[in-house]
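Asker: Sharing a structure with you now.
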Amino acid sequence: MTEHVSRRLPRHIGIIMDGNGRWAQRQGLDRIEGHRVGAESVRDITRAARELGVEALTLYAFSSQNWQRPVEEVMGLMQLLQDYLVGERAEILDNGIRLRAIGDSEKLPGTVRATLDELVGASAANRGMTLTLALSYGGRESIARAVRAVARDAAAGTLRPDDVDVDRFGGYLQTAGLPPLDLLIRTSGEQRISNFLLWEIAYAELIFVDALWPEFRRAHLHACLEQYGARERRFGLTSDQVASDVESS
Ligand code: IPE
Ligand code: IPE
Ligand code: MG
């Protein structure tokens, strides 16, 4: 059986970082304290992924729908995001991490956006690992954005409608250029996608863990990678075909 098993490291991991509010409420704290400790998990997981040699890590930090939360929570999250970007600047640059953002970043407060844009620019030439923050992000919104761009190019006559295939369309998404998503992890026990990378999850392995995001540290990531490594990814083929591919590679 072992030859059927992929022992490879995922090239691209996505994480739905959920459970901050429940973690805080269980300790009798404000929800925002959960987000604060969650930022520490972000630091630990980013560092661990970088050390393991993961090429791309995409973190769902704030959804298009999260704007509808109470205004104090939204403001608190925006302040934590600003603190994170300022506080992690050196760590990101010193470790060769390339920072990117996906989502409607134009909806972020001006200061956060300026800080984000500056760090995205300053880290653009780094090749260590691509860290993508999904901010004001929705999978459906992101597909609609890409469709608008496709429609604009078709109307301008620079794109033939018949040429729009999976690869061409993928090139219009904000995740274009990232490796295919291999592994999606969601914390907090919820088993749903909540409008994360809808197009990109096509063949991702999904792992749902009970740990709440503020508790999720590198040991949890290692356990997920262990599970991932034990799965057979078939991409529509038969198990025998996959096994002979593995032997010949
Ligand atoms: C995830 O934690 C962080 C964001 C969505 C911004 P939650 O804030 O959703 O925490 P729970 O799910 O309410 O526990
Ligand atoms: C998904 O979590 C969004 C992020 C982790 C940023 P939510 O807490 O917003 O998702 P639902 O409401 O449980 O589906
Ligand atoms: Mg939640």
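Asker: Just to confirm my filter: which helices (runs of 4 or more DSSP H) fall fully inside region 10-95 and include at least 1 residues that are touching a strand residue (DSSP E or B) at 6+ places or on another chain (Cβ under 9 Å)?
Answerer: Ranges flagged: 31-52, 71-87, 89-94.
Asker: Quick one: which residue in Arg98, Arg145 is in a helix (DSSP H, G or I) and basic (Lys, Arg)? Reasoning before the result, please.
Answerer: Working: Arg98 fails: in a helix (DSSP H, G or I).
It is Arg145.
Asker: Still on this structure: Answer yes or no: is there a residue in region 97-107 that is among the hydrophobic types (A, V, I, L, M, F, W, C), open to solvent by 30 Å² or more (accessible area, probe 1.4 Å) and under 13 Å from the mean Cα position of the chain (by Cα).
Answerer: Checking region 97-107: at least one residue is among the hydrophobic types (A, V, I, L, M, F, W, C), open to solvent by 30 Å² or more (accessible area, probe 1.4 Å) and under 13 Å from the mean Cα position of the chain (by Cα).
Asker: Next question. Give the residue that is farthest from ligand 3 (Cβ to nearest atom), with candidates limited to residues of region 236-249 that are open to solvent by 70 Å² or more (accessible area, probe 1.4 Å) and among the hydroxyl-bearing types (Ser, Thr, Tyr).
Answerer: Of everything passing the filter in region 236-249, Ser248 is farthest from ligand 3 (Cβ to nearest atom).
Asker: For region 157-201, which residues satisfy the criterion of being open to solvent by 50 Å² or more (accessible area, probe 1.4 Å), in contact with a Ser or Thr (Cβ under 9 Å, 6 or more places away or on another chain) and more than 16 Å from ligand 2 (Cβ to nearest atom)?
Answerer: Gly177, Trp199
Asker: Something else: Working only within region 81-101, note down all residues that are without any contact (Cβ under 8 Å) to a residue 12 or more places away in the chain and under 17 Å from Ala61 (Cα atoms).
Answerer: Matches in region 81-101: Gly87 only.
Asker: Failed condition for Leu93, given (1) more than 16 Å from ligand 3 (Cβ to nearest atom); (2) within 19 Å of the chain's Cα centre (by Cα), with all others met?
Answerer: (2)
Asker: I'm trying to understand the selection: among the residues of region 212-235, which are farther than 26 Å from Met17 by Cα and either open to solvent by less than 70 Å² (accessible area, probe 1.4 Å) or in contact with a Phe, Trp or Tyr (Cβ under 7 Å, 6 or more places away or on another chain) (or both)?
Answerer: Answer for region 212-235, where residues must be farther than 26 Å from Met17 by Cα and either open to solvent by less than 70 Å² (accessible area, probe 1.4 Å) or in contact with a Phe, Trp or Tyr (Cβ under 7 Å, 6 or more places away or on another chain) (or both): just Phe235.
Asker: How about region 203-249: which of its residues are part of a loop (DSSP other than H, G, I, E, B), under 17 Å from the mean Cα position of the chain (by Cα), of a type in the set (A, V, I, L, M) and away from ligand 1 (no atom under 16 Å from the Cβ)?
Answerer: Correct list: Ala204 only.
Asker: Could you list, in sequence order, the residues of region 130-156 that are within 16 Å of ligand 2 (Cβ to nearest atom) and basic (Lys, Arg)?
Answerer: Arg140
Asker: Condition check: under 24 Å from Ser64 (Cβ atoms), among the charged types (D, E, K, R) and open to solvent by 80 Å² or more (accessible area, probe 1.4 Å). Does Arg148 satisfy that?
Answerer: Yes.
Asker: What are the residue pairs meeting all of these: first residue in region 145-161, first residue among the basic types (Lys, Arg), second residue open to solvent by less than 80 Å² (accessible area, probe 1.4 Å) and part of a helix (DSSP H, G or I), Cβ atoms under 8 Å, and 6 or more apart or on different chains?
Answerer: Sorted first by the residue in region 145-161, then by its partner, the pairs are Arg160/Ala154.
Asker: Here are Gly53, Gly76, Gly38: which of them is more than 12 Å from ligand 2 (Cβ to nearest atom), within 26 Å of Asn126 (Cβ to Cβ) and either small (Gly, Ala, Ser) or surrounded by fewer than 16 Cβ atoms within 10 Å (Cβ to Cβ) (or both)?
Answerer: Gly53
Asker: For a quick check of your reading of the model, give me the residue pairs whose first member lies in region 46-70 and is farther than 15 Å from Leu81 by Cα, whose second is within 10 Å of ligand 1 (Cβ to nearest atom) and outside any helix (DSSP H, G or I), with beta-carbon atoms closer than 9 Å and at least 6 apart or on different chains.
Answerer: Close Cβ pairs satisfying both conditions: Gln65/Ser194.
The values are calculated or read from the model by the stated rules, or taken from the named source; none is laboratory data. Bear in mind that the values here come from a model prediction, so they are computed numbers and not experimental data. We place every Cβ from the backbone using ideal geometry, glycine too, and count neighbours over all the protein chains shown. For the accessible areas, the whole protein counts, side chains as well, though only heavy atoms, and no ligand, DNA or RNA atoms are used. Shrake-Rupley method; radii C 1.70, N 1.55, O 1.52, S 1.80 Å.
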